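Written out below as structure tokens is the structure these notes cover.
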Amino acid sequence: TSRSAKLVTVPKDSTSRRTITVEPCLNQFIQQGLNTHLRNKITKDRVLRQCLALSDQTKNQKLALEGSLRDNWATIDLSSASDLLTSKLVSLIFEGQSSFLELLFDCRSSSVNDGSSDIDLEKFAGMGNATTFPVQSIVFAVLAICAILDDRHEWPTNRNVERTARRVRVYGDDIIVPTRHAHSVVRWLSEAGLKVNEKKSFLSGPFKESCGVDAYRGVDVTPLYVRHLPSALSKRTPELIKHYIELSNHAWLRGLYEFSNALKECAEAALGCSLPLVHSLSGLFGLHTHREWSQVQRWSRDLHRF
């Protein structure tokens, strides 16, 4: 496989950009296979399935809401998580799975090209690598489990590790642990070369944040962000129109009706037509309502449904 990836930036929000890697085509193909294999193994593992659900953010979000109400959970966020995840740390965590570890590094790009030259990577991989997300989730979960066992002065027996894993929830760089063990987990993460984002980590108190949910005393207080100015819709870019429609739907379901209608009008002006009412689970492009109303457009003779 090719050893060099392309370094690019993508929008993170309206004011900043995120650096990712564009992996060579063959690398991508192999990485996706390893990604699928690793996720399947997680669901069958007695320890990791207790603390990882890589296709379900709601488990983290529910614990954040509970933690903000009872202060029994601490939410920890890492800065530049993938950039500080070293190859050495990954090798240490996956040491017992030498065959799989060898495959991870065989399909890993060892350098990136910034447009002028190749730069060697000391970190495991960029966010463009399909294995980065599950690998870093496992690494952070293992560190959190070790930290709690250390804090409780318990031996890492199978029983103790499995029991401790039930008290940990990790989704990427969003980590949730019991409040009483939070400082120990932060210390272990820092000693492993990772950087805890103090501004977005909440070890105690009535406010918690995880996986996009801001929780205060058991209430979801997550703000809605308009990430692009309405003037940008003149380009009729599908991604921008989709953003405005999704934001309009979120605002409507929160009871922000005037704000929702303003966003809807911007999207419809860019499209040049009115948007239909659709069910939120239909996957169709349109507006959602509290009662899940949908407008029947026509009968499809090919699909034999509306």
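Scanning the stretch 16-23 for any residue that is out of contact with any Leu (no Cβ under 6 Å at 6 or more places or on another chain), of a type in the set (Lys, Arg) and more than 28 Å from Val177 (Cβ to Cβ) turns up at least one such residue.
Filtering the stretch 63-92 to residues that are of a type in the set (Gly, Ala, Ser) and not in a loop (DSSP other than H, G, I, E, B) leaves Ala64, Gly67, Ser68, Ala74, Ser79, Ser87, Ser91. If you filter the stretch 21-53 down to residues that are of a type in the set (A, V, I, L, M) and out of contact with any strand residue (DSSP E or B) (no Cβ under 7 Å at 6 or more places or on another chain), you find that the one that is farthest from Asn158 (Cα to Cα) is Leu26.
Scanning the stretch 122-159 for residues that are outside any helix (DSSP H, G or I), free of Cβ contacts under 8 Å to residues at least 40 places away in the same chain and touching a helix residue (DSSP H, G or I) at 6+ places or on another chain (Cβ under 8 Å) gives Glu122, Arg152, Glu154, Trp155, Pro156.
One residue alone among Arg152, Arg167, Arg187, Arg163 is within 26 Å of Phe124 (Cβ to Cβ) and open to solvent by 40 Å² or more (accessible area, probe 1.4 Å), and that residue is Arg187. Residue-level check: of (1) farther than 27 Å from Leu281 by Cβ; (2) part of a strand (DSSP E or B), Asp214 misses just (1). For Cys107, only one of the following conditions fails: (1) open to solvent by 40 Å² or more (accessible area, probe 1.4 Å); (2) over 28 Å from Asn197 (Cα atoms); (3) over 21 Å from the mean Cα position of the chain (by Cα). What is its number? It fails just one condition, (1). Within the stretch 91-114, being in contact (Cβ under 8 Å) with a residue 24 or more places away in the chain and hydroxyl-bearing (Ser, Thr, Tyr) holds for Ser109, Ser110, Ser111.
Just for the stretch 170-180: of the residues that are open to solvent by less than 10 Å² (accessible area, probe 1.4 Å) and of a type outside the set (A, V, I, L, M, F, W, C), which one is modelled with the lowest pLDDT?
Step one: list which residues in the stretch 170-180 are open to solvent by less than 10 Å² (accessible area, probe 1.4 Å), which gives 170, 172, 175-178.
Next, from what is left, pick out any that are of a type outside the set (A, V, I, L, M, F, W, C): 172, 178.
Numbers: Gly172: 93, Pro178: 97.
Going through the qualifying residues, I end up with Gly172.
Say we look at the stretch 71-90 and pick out the residues that are out of contact with any strand residue (DSSP E or B) (no Cβ under 8 Å at 6 or more places or on another chain) and in contact (Cβ under 8 Å) with a residue 12 or more places away in the chain; which of these is surrounded by the fewest Cβ atoms within 10 Å (Cβ to Cβ)? It comes out as Asp71.
The values are calculated or read from the model by the stated rules, or taken from the named source; none is laboratory data. Since we're looking at a predicted model, the values are computed, not measured. In this analysis, Cβ positions are derived from the backbone assuming ideal geometry, glycine residues included, and neighbour counts consider all displayed protein chains. Calculation scope for accessible area: heavy atoms of the full protein, side chains included, ligands and nucleic acids excluded. Shrake-Rupley method; radii C 1.70, N 1.55, O 1.52, S 1.80 Å.
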